[in-house]
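Participant: Quick one: structure below, then a few questions.
The values are calculated or read from the model by the stated rules, or taken from the named source; none is laboratory data. Here the structure is a predicted model, which is why all the values come from computation and not from measurement. Here Cβ is always computed from backbone atoms with ideal geometry, including for glycine, and neighbour counts include all displayed protein chains. Accessible surface areas use protein heavy atoms only, side chains included; no ligands, DNA or RNA. Shrake-Rupley method; radii C 1.70, N 1.55, O 1.52, S 1.80 Å.
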Amino acid sequence: MLIRLRGPAAALVLALVAGIAVACGSDSPAERLAAALTAHEPTTAAPLTTDPVAASKTLVDTFDGMGDATVDVEVNDDDTEFTWTWHLPRSATSPIGRPSSWTATR
């Protein structure tokens, strides 16, 4: 299932992607951002964006709103695209076959 981001979340994702400089090596800003998001560390991730204040609030709200869900964030080879995979706890999934995880790429 593809998640369509709207409003502040979409603006944040665009700002994240647009604001990250293309860098070489395993320690690029995009990879640091992906690692911080995967670790649910909004205070580490926010300064890596073009608008740290707005990003901090949006990321905190996102992680708080997702509760016990976990996320894996990966970046492509040229640091221009993020793939987010959210995993919901078993108790939050439907017994009628709804998926327990969603992936979105931006």
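Participant: When you scan segment 1-63 for helices (runs of 4 or more DSSP H) that lie fully inside it, which ones turn up with 2 or more residues that are open to solvent by less than 60 Å² (accessible area, probe 1.4 Å) and at pLDDT 90 or above?
Facilitator: Because the criterion is at least 2 residues that are open to solvent by less than 60 Å² (accessible area, probe 1.4 Å) and at pLDDT 90 or above, the helices (runs of 4 or more DSSP H) in segment 1-63 that meet it are 29-38, 42-45.
Participant: Further question: Whether any residue in segment 76-89 is exposed (fewer than 14 other Cβ atoms within 10 Å of the Cβ) and over 15 Å from GLU31 (Cβ atoms) is what I want to check.
Facilitator: Yes, because at least one residue in segment 76-89 is exposed (fewer than 14 other Cβ atoms within 10 Å of the Cβ) and over 15 Å from GLU31 (Cβ atoms).
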